[in-house]
Amino acid sequence: AQSVTQPDIHITVSEGASLELRCNYSYGATPYLFWYVQSPGQGLQLLLKYFSGDTLVQGIKGFEAEFKRSQSSFNLRKPSVHWSDAAEYFCALGGLSGGSYIPTFGRGTSLIVHP
Amino acid sequence: GAGVSQSPSNKVTEKGKDVELRCDPISGHTALYWYRQSLGQGLEFLIYFQGNSAPDKSGLPSDRFSAERTGGSVSTLTIQRTQQEDSAVYLCASSPQGAGEKLFFGSGTQLSVL
(Lines give C-alpha, C1' and ligand atoms only; values in the text may rest on other atoms or scores of the structure.)
Protein backbone atom coordinates (compact mmCIF):
# COMPACT_ATOMS: atom_id res chain seq x y z
CA ALA A 1 0.00 0.00 0.00
CA GLN A 2 1.14 3.52 -0.67
CA SER A 3 0.87 6.35 1.80
CA VAL A 4 1.97 9.93 2.36
CA THR A 5 2.58 11.55 5.73
CA GLN A 6 2.75 15.27 6.34
CA PRO A 7 3.54 15.48 10.05
CA ASP A 8 2.87 19.19 10.46
CA ILE A 9 -0.76 20.33 10.38
CA HIS A 10 0.17 24.00 10.73
CA ILE A 11 3.39 25.91 10.16
CA THR A 12 3.79 29.56 11.08
CA VAL A 13 6.65 31.66 9.71
CA SER A 14 7.47 35.31 9.46
CA GLU A 15 7.58 36.96 6.07
CA GLY A 16 11.11 36.75 4.69
CA ALA A 17 12.01 33.70 6.76
CA SER A 18 12.94 30.36 5.24
CA LEU A 19 10.44 27.51 5.03
CA GLU A 20 10.59 23.73 5.05
CA LEU A 21 7.49 21.54 4.85
CA ARG A 22 7.98 17.87 5.57
CA CYS A 23 6.71 14.93 3.58
CA ASN A 24 7.39 11.24 4.04
CA TYR A 25 6.09 8.49 1.83
CA SER A 26 5.74 4.74 1.73
CA TYR A 27 5.90 2.92 -1.60
CA GLY A 28 7.60 -0.19 -2.88
CA ALA A 29 9.35 1.38 -5.84
CA THR A 30 10.45 4.81 -7.00
CA PRO A 31 7.31 6.90 -7.01
CA TYR A 32 6.25 10.02 -8.76
CA LEU A 33 6.23 12.74 -6.08
CA PHE A 34 4.40 16.03 -6.24
CA TRP A 35 3.77 19.15 -4.21
CA TYR A 36 0.53 21.03 -4.78
CA VAL A 37 -0.67 24.31 -3.29
CA GLN A 38 -4.27 25.22 -2.57
CA SER A 39 -5.28 28.81 -1.98
CA PRO A 40 -8.62 29.50 -0.23
CA GLY A 41 -11.57 28.59 -2.43
CA GLN A 42 -9.33 27.32 -5.20
CA GLY A 43 -8.39 23.98 -6.66
CA LEU A 44 -4.94 22.53 -6.23
CA GLN A 45 -2.08 23.85 -8.36
CA LEU A 46 1.13 21.93 -9.04
CA LEU A 47 4.30 23.43 -7.57
CA LEU A 48 6.76 20.78 -8.67
CA LYS A 49 7.21 17.11 -9.53
CA TYR A 50 9.91 14.45 -9.20
CA PHE A 51 10.35 11.06 -10.80
CA SER A 52 13.96 10.53 -11.67
CA GLY A 53 17.19 12.38 -12.30
CA ASP A 54 18.41 15.24 -10.16
CA THR A 55 17.07 14.79 -6.65
CA LEU A 56 16.73 18.56 -6.16
CA VAL A 57 13.72 19.78 -8.08
CA GLN A 58 12.92 23.39 -8.83
CA GLY A 59 9.33 24.51 -9.05
CA ILE A 60 7.23 27.59 -9.54
CA LYS A 61 7.07 30.56 -7.17
CA GLY A 62 10.63 29.97 -5.93
CA PHE A 63 9.93 26.60 -4.32
CA GLU A 64 12.21 23.60 -4.45
CA ALA A 65 12.07 20.08 -3.06
CA GLU A 66 14.66 17.42 -2.39
CA PHE A 67 14.06 13.70 -2.84
CA LYS A 68 15.91 11.57 -0.30
CA ARG A 69 15.43 7.89 -0.98
CA SER A 70 17.19 6.78 2.21
CA GLN A 71 14.75 8.80 4.31
CA SER A 72 11.68 8.28 2.09
CA SER A 73 11.25 12.02 2.17
CA PHE A 74 10.39 14.79 -0.26
CA ASN A 75 10.54 18.03 1.73
CA LEU A 76 9.51 21.34 0.23
CA ARG A 77 11.63 24.42 0.81
CA LYS A 78 11.66 28.12 0.07
CA PRO A 79 14.47 30.46 1.13
CA SER A 80 12.30 33.53 1.73
CA VAL A 81 8.55 33.33 2.27
CA HIS A 82 6.15 35.98 0.97
CA TRP A 83 2.77 36.80 2.53
CA SER A 84 1.11 35.47 -0.64
CA ASP A 85 2.52 32.00 0.09
CA ALA A 86 -0.03 31.53 2.88
CA ALA A 87 -2.04 28.51 1.70
CA GLU A 88 -2.53 24.78 2.17
CA TYR A 89 0.25 22.57 0.83
CA PHE A 90 -0.22 18.96 -0.18
CA CYS A 91 2.40 16.35 -0.86
CA ALA A 92 1.29 13.59 -3.21
CA LEU A 93 2.62 10.23 -4.37
CA GLY A 94 1.79 8.84 -7.77
CA GLY A 95 1.95 5.10 -7.94
CA LEU A 96 0.11 2.07 -9.19
CA SER A 97 -2.62 0.67 -6.99
CA GLY A 98 -4.32 -2.46 -8.24
CA GLY A 99 -3.30 -1.60 -11.78
CA SER A 100 -4.64 1.94 -11.61
CA TYR A 101 -2.54 5.08 -11.38
CA ILE A 102 -4.09 6.84 -8.40
CA PRO A 103 -2.25 9.71 -6.72
CA THR A 104 -2.33 9.53 -2.93
CA PHE A 105 -2.30 12.79 -1.01
CA GLY A 106 -1.11 13.72 2.43
CA ARG A 107 -3.53 15.51 4.76
CA GLY A 108 -1.91 18.86 4.02
CA THR A 109 0.05 21.50 5.90
CA SER A 110 -1.44 24.91 6.45
CA LEU A 111 1.12 27.69 6.10
CA ILE A 112 0.53 30.87 8.05
CA VAL A 113 2.71 33.87 7.26
CA HIS A 114 3.15 36.66 9.79
CA PRO A 115 4.12 40.13 8.56
CA GLY B 1 -12.88 26.22 -21.30
CA ALA B 2 -9.25 26.37 -20.34
CA GLY B 3 -9.51 24.48 -17.08
CA VAL B 4 -11.49 21.88 -15.19
CA SER B 5 -14.96 23.18 -14.47
CA GLN B 6 -17.17 21.97 -11.63
CA SER B 7 -20.77 22.80 -10.87
CA PRO B 8 -22.39 23.82 -8.71
CA SER B 9 -19.72 25.56 -6.66
CA ASN B 10 -21.91 25.27 -3.58
CA LYS B 11 -24.74 22.89 -2.79
CA VAL B 12 -26.87 22.84 0.33
CA THR B 13 -29.23 19.91 0.71
CA GLU B 14 -31.33 18.20 3.31
CA LYS B 15 -30.43 14.87 4.81
CA GLY B 16 -31.89 12.04 2.73
CA LYS B 17 -31.98 13.93 -0.55
CA ASP B 18 -30.00 12.92 -3.64
CA VAL B 19 -27.42 15.25 -5.18
CA GLU B 20 -25.54 15.34 -8.46
CA LEU B 21 -22.18 17.02 -8.89
CA ARG B 22 -20.82 17.77 -12.34
CA CYS B 23 -17.29 17.90 -13.71
CA ASP B 24 -16.16 19.12 -17.13
CA PRO B 25 -12.53 18.06 -17.60
CA ILE B 26 -10.03 19.69 -19.91
CA SER B 27 -10.73 18.70 -23.48
CA GLY B 28 -8.65 15.74 -24.57
CA HIS B 29 -7.77 14.56 -21.07
CA THR B 30 -8.44 10.85 -20.84
CA ALA B 31 -7.97 10.45 -17.08
CA LEU B 32 -10.52 11.84 -14.62
CA TYR B 33 -10.54 11.61 -10.83
CA TRP B 34 -12.93 12.46 -8.04
CA TYR B 35 -11.59 13.24 -4.59
CA ARG B 36 -13.31 14.31 -1.38
CA GLN B 37 -11.72 16.88 0.89
CA SER B 38 -12.91 17.03 4.46
CA LEU B 39 -11.61 19.52 7.00
CA GLY B 40 -8.23 18.37 8.28
CA GLN B 41 -8.46 15.08 6.40
CA GLY B 42 -6.63 15.77 3.19
CA LEU B 43 -7.85 14.41 -0.11
CA GLU B 44 -9.67 11.10 -0.12
CA PHE B 45 -9.73 9.25 -3.45
CA LEU B 46 -13.20 8.28 -4.64
CA ILE B 47 -13.16 7.08 -8.25
CA TYR B 48 -10.93 7.07 -11.34
CA PHE B 49 -11.84 6.96 -15.03
CA GLN B 50 -9.27 6.24 -17.73
CA GLY B 51 -10.40 6.34 -21.34
CA ASN B 52 -12.86 3.60 -22.16
CA SER B 53 -11.69 1.30 -19.38
CA ALA B 54 -13.93 0.28 -16.52
CA PRO B 55 -13.64 2.86 -13.73
CA ASP B 56 -11.73 2.14 -10.55
CA LYS B 57 -14.39 2.54 -7.86
CA SER B 58 -12.25 1.30 -5.00
CA GLY B 59 -12.45 4.59 -3.10
CA LEU B 60 -16.22 5.01 -3.00
CA PRO B 61 -17.20 4.96 0.71
CA SER B 62 -20.60 3.31 0.29
CA ASP B 63 -23.10 2.17 -2.32
CA ARG B 64 -24.85 5.52 -1.97
CA PHE B 65 -22.04 6.96 -4.08
CA SER B 66 -21.83 6.43 -7.83
CA ALA B 67 -20.28 8.18 -10.79
CA GLU B 68 -20.40 8.02 -14.53
CA ARG B 69 -18.49 9.57 -17.36
CA THR B 70 -20.30 10.10 -20.63
CA GLY B 71 -18.52 10.15 -23.97
CA GLY B 72 -15.15 10.15 -22.27
CA SER B 73 -15.72 13.71 -21.17
CA VAL B 74 -18.23 15.05 -18.64
CA SER B 75 -18.54 13.20 -15.35
CA THR B 76 -21.32 13.22 -12.77
CA LEU B 77 -20.90 12.12 -9.16
CA THR B 78 -24.19 11.14 -7.55
CA ILE B 79 -24.77 10.78 -3.83
CA GLN B 80 -28.06 9.17 -2.87
CA ARG B 81 -29.80 9.62 0.47
CA THR B 82 -27.23 12.14 1.65
CA GLN B 83 -25.99 12.03 5.22
CA GLN B 84 -24.40 14.79 7.29
CA GLU B 85 -21.04 13.02 7.11
CA ASP B 86 -21.13 13.52 3.33
CA SER B 87 -20.56 17.24 3.87
CA ALA B 88 -17.21 18.07 2.27
CA VAL B 89 -15.60 19.65 -0.77
CA TYR B 90 -15.74 17.36 -3.77
CA LEU B 91 -12.84 17.91 -6.15
CA CYS B 92 -12.56 16.75 -9.73
CA ALA B 93 -9.24 16.48 -11.55
CA SER B 94 -8.15 15.43 -15.00
CA SER B 95 -4.86 14.63 -16.70
CA PRO B 96 -3.82 13.99 -20.30
CA GLN B 97 -3.21 10.27 -19.89
CA GLY B 98 -2.75 9.42 -16.25
CA ALA B 99 0.36 7.68 -15.08
CA GLY B 100 3.07 10.02 -13.87
CA GLU B 101 1.35 13.17 -14.92
CA LYS B 102 0.18 16.06 -12.86
CA LEU B 103 -3.48 16.53 -12.14
CA PHE B 104 -5.43 19.61 -13.15
CA PHE B 105 -7.99 20.36 -10.48
CA GLY B 106 -11.30 22.15 -10.56
CA SER B 107 -12.29 24.55 -7.79
CA GLY B 108 -14.56 21.98 -6.22
CA THR B 109 -18.16 21.72 -5.05
CA GLN B 110 -18.78 22.53 -1.40
CA LEU B 111 -21.55 20.17 -0.27
CA SER B 112 -23.40 20.90 2.94
CA VAL B 113 -25.94 18.39 4.22
CA LEU B 114 -28.28 19.81 6.84
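The values are calculated or read from the model by the stated rules, or taken from the named source; none is laboratory data. Worth saying up front: this structure is predicted, and the values here are computed from it rather than measured. Counting neighbours? That spans all protein chains shown, and the Cβs are built from the backbone with ideal geometry, glycine included. Accessible surface areas use protein heavy atoms only, side chains included; no ligands, DNA or RNA. Shrake-Rupley method; radii C 1.70, N 1.55, O 1.52, S 1.80 Å.
For the stretch B:5-108, what relative contact order do you get, as a whole percent, if you take Cα pairs closer than 8 Å and at least 6 residues apart?
Relative contact order here is 36 percent.
With only Lys, Arg, Asp and Glu charged, each at its Cβ (+1 for the first two, -1 for the last two), find how big the charge dipole of the stretch B:5-108 is about the Cα centre; round to the nearest 20 debye.
With only Lys, Arg, Asp and Glu charged at Cβ, the dipole is about 80 debye.
Taking a probe of 1.4 angstrom, what is the accessible area of residue A:3 in Å², to the nearest 10?
Ignoring ligands and nucleic acids, residue A:3 comes out at about 50 Å².
Taking the Cα centre of the protein assembly as shown as origin, sum charge times position over the Cβ atoms of Lys and Arg (+1) and Asp and Glu (-1), and report the length of that vector in debye to the nearest 20.
For the protein assembly as shown, the charge dipole is close to 120 debye.
From Cα pairs below 8 angstrom and at least 6 apart in sequence, can you work out the relative contact order of chain A, rounded to a whole percent?
Worked out over chain A, it gives 37 percent.
Quick one: pull the percent of accessible area on the stretch A:3-114 belonging to carbon and sulfur, 1.4 Å probe, ligands and nucleic acids left out.
Heavy-atom surface of the stretch A:3-114 belonging to carbon and sulfur, 1.4 Å probe: 49 percent.
Ballpark to the nearest 100 Å², how much total accessible area do A and B bury together, probe 1.4 Å?
Rounded to the nearest hundred, the buried surface is 1500 Å².
Ordering B:15, A:78, A:68 from largest to smallest accessible area (1.4 angstrom probe), what's the sequence?
Descending order: B:15, A:68, A:78.
What residue among A:93, A:21, A:44 shows peak mean-square fluctuation when chain A is described by a Gaussian network model with Cα springs under 10 Å?
A:44
Determine the order of A:35, A:83 by accessible area, beginning with the largest, at a probe radius of 1.4 Å.
A:83, A:35
With +1 on each Lys and Arg Cβ and -1 on each Asp and Glu Cβ, how big is the dipole of chain A about its Cα centre, in debye rounded to the nearest 20?
Dipole about the Cα centre, nearest 20: 220 debye.
Any residues in the stretch B:83-109 that have 30 Å² or more less accessible area with all protein chains than in their chain alone, probe 1.4 Å, and which are they?
Checking the loss per residue gives B:99, B:100, B:102, B:103, B:105, B:107.
With just the Cα atoms defining each centre, how far is the stretch B:1-21 from the stretch A:62-85? Give it in Å.
34 Å
Cα centroid distance between the stretch B:76-114 and the stretch B:30-57, in Å?
7 Å
Using a 1.4 angstrom probe on the protein heavy atoms only, could you order A:114, B:29, A:10 from most to least accessible area?
A:10, A:114, B:29
Taking the alpha-carbon distance from residue B:15 and a cut-off under 18 Å, which aspartates and glutamates remain once sequence neighbours fewer than 8 residues away in the same chain are dropped?
Reachable aspartates and glutamates: B:63, B:85, B:86.
Rank B:54, B:31, B:67 by mean-square fluctuation in a GNM of chain B with C-alpha springs under 10 angstrom and give only the top-ranked residue.
Of the options given, B:54 has the highest mean-square fluctuation.
Listed here are the pairs A:68/B:102; A:49/B:11; B:57/B:102; B:17/B:57; which of them are more than 24 Å apart at the Cα?
Check vs 24 Å cut-off fails for A:49/B:11.
Any idea of the accessible area per residue across the protein assembly as shown, 1.4 Å probe, to the nearest Å²?
47 Å²
I want to verify a result. In a Gaussian network model of chain A, Cα cutoff 10 Å, which of these has the top mean-square fluctuation: A:51, A:67, A:34?
A:51
Give me the net charge of residue B:94's neighbourhood, meaning all other residues with Cβ under 14 Å from the Cβ of residue B:94; Lys, Arg count +1, Asp, Glu -1.
Around residue B:94, the charge tally is +1.
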